[in-house]
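The values are calculated or read from the model by the stated rules, or taken from the named source; none is laboratory data. It should be emphasised that the depicted structure is a prediction, and the values quoted were computed from it without experimental measurement. Please note: Cβ atoms are built from the backbone with ideal geometry, for glycine as well, and neighbour counts cover all protein chains shown. What goes into the accessible areas is simple: the full protein's heavy atoms, side chains included, and nothing from ligands, DNA or RNA. Shrake-Rupley method; radii C 1.70, N 1.55, O 1.52, S 1.80 Å.
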Amino acid sequence: MKKIHYLVTSIALLFCLSTGAQVKLMGVAETNRYDGTDGIHEKGDQMVSSYVGWNSELGKSIFIVENGIYTFTVGENTVSKPVKEPAVNKSDFYSGGQYTDNDKAIWANNFNLMAGNSGAAYIDGIITTVFSRDYQSTPDEELFAVRKWDAETGNLLTNANDYFHVNTNIESAGMAYNPVDGKVYGLFYLTEQALGSEITNDPDFFVDQDGDATATDAGYALCTIDLQTMKITPVTPGLYYRNFITFAINNDGRAFALTSGGSMGVINDEGKMEDINGNLAGAELCEFDLTTGMILTNAVEATDPETGETYTEYENIYPRMGYASQYRRQSACFAKSNPNIMYWNGYVNSGKGINDWGSWGTLPDKEWVTNEKFDTAIYEIDITTGNCRRVAKVPNRWTFSCMWVDGDDASDGCGLRDYISRTVITGIEDVKTNTSVNAPRQIFNAAGQQVNDMSQKGLYIIKEGTKTNKILVK
């Protein structure tokens with residue numbers, strides 16, 4: 001494996017602040033799981049959808065789904081049940097066996113598309129979701145589906161959704177607005193990156209232990225992103241090989257990420273996990289320098305036990321959280337009014353524990369109700385001390401692809417709303433319907449199926465030799 005050595009820096013720790021008051025969080029629902037005790041859902045139900053009926057005028061089936069925007073309240077030791085907001089009511093568009101409002105029916109059905117399995121962000125009232133589709137059944141040109149939503153109404157914005165090539169590398173552990181410089185940053189997973197000599201020849205940053213420094217690689221990099229064009233610009237001079245699961249920036253312009261943590265350890269009197277040496281284990285909080293893209297560290301003198309020689313190690317400035325969380329995309333955010341507390345929607349364990357054979361290993365799925373394998377919780381992390389506190393579990397095990405504090409987000413009113421809302425720019429050529437267009441060698445429709453011509457309205461992928469273009473026929 002490769003090891004990354006981080007930038008040397010330090011920060012002064014401030015006094016711990018108490019949160020006290022209730023906070024209303026909003027989030028884009030990603031997954032959930034019911035234990036069957038609410039009298040409505042079966043045990044194991046996840047992201048339930050219900051069929052309304054065929055709409056002959058629209059030419060499509062309409063569904064009500066659990067995808068969407070949710071709100072819940074975080075108290076001192078409580079987390080309320082997430083509630084969909086805006087709510088979707090069947091009676092608003094369907095009554096007496098027929099559709100009464102087609103616009104409302106389309107609006108409700110569009111929540112099928114609100115998924116951010118490759119990252120999502122709330123910025124100035126607009127939600128951007130990035131959904132990556134199955135590699136094996138999707139053309140490379142359309143791997144990422146990017147969509148824009150009005151966070152208040154839940155409307156899918158007109159023409160503000162498009163598809164992006166796998167090489168755009170817009171899969172992220174999270175994206176966030178920095179109020180200090182007005183830019184949007186994210187931790188993006190870059191694939192097939194040939195590391196340059198300025199990286200591989202720098203022993204202070206990169207140590208190649210498996211001899212493949214010249215090969216293509218994949219890992220995370222801190223980048224800025226233009227949420228209209230979806231173009232990313234790397235800041236980090238290289239790649240990180242940590243299991244990042246979140247990314248958030250506070251009102252002071254400080255950027256943080258969490259890693260998953262699955263270390264084996266014992267639970268102390270405070271309910272936190274410790275390693276064999278009595279140090280906190282589990283997830284790790286990392287702070288980034290947004291100028292260099294480097295993780296902040298402290299320099300520590302160490303001694304080689306074999307040679308007795310001293311050398312410098314670089315340690316993270318924060319202790320581990322004491323809580324293990326699964327390596328699945330999660331979310332975190334700050335309130336603008338309180339830049340010192342980060343809210344984290346994480347799992348309660350790494351999916352591992354004492355199994356049926358009495359040894360440490362993967363927890364069995366059949367016992368997930370009792371072993372907490374899929375349970376989620378809201379945590380509060382005090383960035384002045386690094387202390388992490390589990391507030392409470394989230395009812396029905398909800399996870400969110402992004403979160404924000406209602407009416408108290410650093411991006412509110414920043415002026416990016418109109419810019420982000422515009423049509424995504426991908427180089428698609430707008431042309432009017434023309435049945436006489438000569439078909440290039442290979443034409444694919446938006447579903448990835450090869451067709452003979454562009455006689456129907458829609459998006460087409462044109463492959464001609466080594467060149468690939470998109471054409472939108474209207």
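Would you be able to say whether some residue in the stretch 304-327 is in a strand (DSSP E or B), modelled with pLDDT of 95 or more and either under 30 Å from T376 (Cα atoms) or out of contact with any helix residue (DSSP H, G or I) (no Cβ under 6 Å at 6 or more places or on another chain) (or both)? Among the residues of the stretch 304-327, not one is in a strand (DSSP E or B), modelled with pLDDT of 95 or more and either under 30 Å from T376 (Cα atoms) or out of contact with any helix residue (DSSP H, G or I) (no Cβ under 6 Å at 6 or more places or on another chain) (or both), which makes the answer no. Scanning the stretch 313-322 for residues that are open to solvent by 20 Å² or more (accessible area, probe 1.4 Å) and touching a residue at least 24 places away in the same chain (Cβ under 8 Å) yields Y314, N316, I317, P319, R320. Scanning the stretch 115-148 for residues that are modelled with pLDDT of 90 or more and either among the polar types (S, T, N, Q) or in contact with a His (Cβ under 9 Å, 6 or more places away or on another chain) (or both) turns up N117, S118, T128, T129, S132, F144. Is it fair to say A446 is modelled with pLDDT under 90 and open to solvent by 10 Å² or more (accessible area, probe 1.4 Å)? For A446, the condition - modelled with pLDDT under 90 and open to solvent by 10 Å² or more (accessible area, probe 1.4 Å) - is met.
Residues of the stretch 90-130 that are open to solvent by 50 Å² or more (accessible area, probe 1.4 Å), under 18 Å from T158 (Cα atoms) and of a type outside the set (D, E, K, R): I106, N112, L113.
For N349, the conditions (1) among the polar types (S, T, N, Q); (2) outside any strand (DSSP E or B); (3) open to solvent by less than 50 Å² (accessible area, probe 1.4 Å); (4) out of contact with any Asp or Glu (no Cβ under 8 Å at 6 or more places or on another chain) all hold with the exception of (4). Tell me, please, whether a residue that is open to solvent by less than 10 Å² (accessible area, probe 1.4 Å), of a type outside the set (G, A, S) and either in contact with a Leu (Cβ under 8 Å, 6 or more places away or on another chain) or at positive phi (or both) can be found in the stretch 328-336. Scanning the stretch 328-336, I find at least one residue that is open to solvent by less than 10 Å² (accessible area, probe 1.4 Å), of a type outside the set (G, A, S) and either in contact with a Leu (Cβ under 8 Å, 6 or more places away or on another chain) or at positive phi (or both), so the answer is yes. Search the stretch 290-303 for residues being hydrophobic (A, V, I, L, M, F, W, C) and not in a loop (DSSP other than H, G, I, E, B), and hand back the single one that is modelled with the highest pLDDT. For the stretch 290-303, the residue satisfying everything is I295.
Please verify whether D418 is at pLDDT 90 or above, of a type in the set (D, E) and assigned to a loop (DSSP other than H, G, I, E, B), treating the condition exactly as stated. Outline the logic, then answer.
Working: at pLDDT 90 or above: yes; of a type in the set (D, E): yes; assigned to a loop (DSSP other than H, G, I, E, B): no.
So D418 fails the test.
Restricting to the stretch 263-289, name every residue that is surrounded by fewer than 22 Cβ atoms within 10 Å (Cβ to Cβ), touching a Phe, Trp or Tyr at 6+ places or on another chain (Cβ under 6 Å) and in a loop (DSSP other than H, G, I, E, B). Correct list: M264 only. None of G386, G361, G415 is among the small types (G, A, S) and open to solvent by 20 Å² or more (accessible area, probe 1.4 Å) except G415.
Just one of the listed residues (W404, W368) is outside any loop (DSSP other than H, G, I, E, B), under 23 Å from A257 (Cβ atoms) and of a type in the set (F, W, Y), and it is W404. Within the stretch 171-209, can you find the residues that are modelled with pLDDT under 95, under 22 Å from the mean Cα position of the chain (by Cα) and open to solvent by less than 20 Å² (accessible area, probe 1.4 Å)? Selection gives L190 alone. Annotation: A105 fulfils all but one of (1) more than 23 Å from C402 (Cβ to Cβ); (2) in a loop (DSSP other than H, G, I, E, B); (3) touching a residue at least 24 places away in the same chain (Cβ under 8 Å); the unmet one is (2).
Go through the stretch 153-165 residue by residue and tally those that are open to solvent by 30 Å² or more (accessible area, probe 1.4 Å), within 20 Å of the chain's Cα centre (by Cα) and of a type outside the set (S, T, Y). Before the answer, list the steps.
First pass over the stretch 153-165, keeping only residues open to solvent by 30 Å² or more (accessible area, probe 1.4 Å): 153, 155-159, 161, 163, 165.
After this cut, where a residue has to be within 20 Å of the chain's Cα centre (by Cα) as well, the list is 156, 161, 163, 165.
Still in the list and also of a type outside the set (S, T, Y): 156, 161, 165.
Qualifying residue count, the stretch 153-165: 3.
A quick yes/no check of all residues on (1) modelled with pLDDT of 65 or more; (2) in contact with a Pro (Cβ under 7 Å, 6 or more places away or on another chain); (3) closer than 30 Å to K81 by Cα; (4) of a type in the set (A, V, I, L, M):
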| site | (1), (2), (3), (4) |
| --- | --- |
| G386 | yes, yes, yes, no |
| N396 | yes, no, yes, no |
| D408 | yes, no, yes, no |
| G413 | yes, no, yes, no |
| T426 | no, no, no, no |
| K470 | yes, no, no, no |
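Could you say whether any residue in the stretch 268-289 is out of contact with any strand residue (DSSP E or B) (no Cβ under 7 Å at 6 or more places or on another chain) and modelled with pLDDT of 90 or more?
Pass one, the stretch 268-289, residues out of contact with any strand residue (DSSP E or B) (no Cβ under 7 Å at 6 or more places or on another chain): 269-271, 275-279, 289.
Restricting the remaining residues to those that are modelled with pLDDT of 90 or more gives 289.
Within the stretch 268-289, one or more residues are out of contact with any strand residue (DSSP E or B) (no Cβ under 7 Å at 6 or more places or on another chain) and modelled with pLDDT of 90 or more.
Is it true that some residue in the stretch 351-366 is within 21 Å of A120 (Cβ to Cβ) and in contact with a Leu (Cβ under 7 Å, 6 or more places away or on another chain)? Before you say what the answer is, go through the steps one by one.
Taking the stretch 351-366 first, the residues within 21 Å of A120 (Cβ to Cβ) are none.
No: zero hits.
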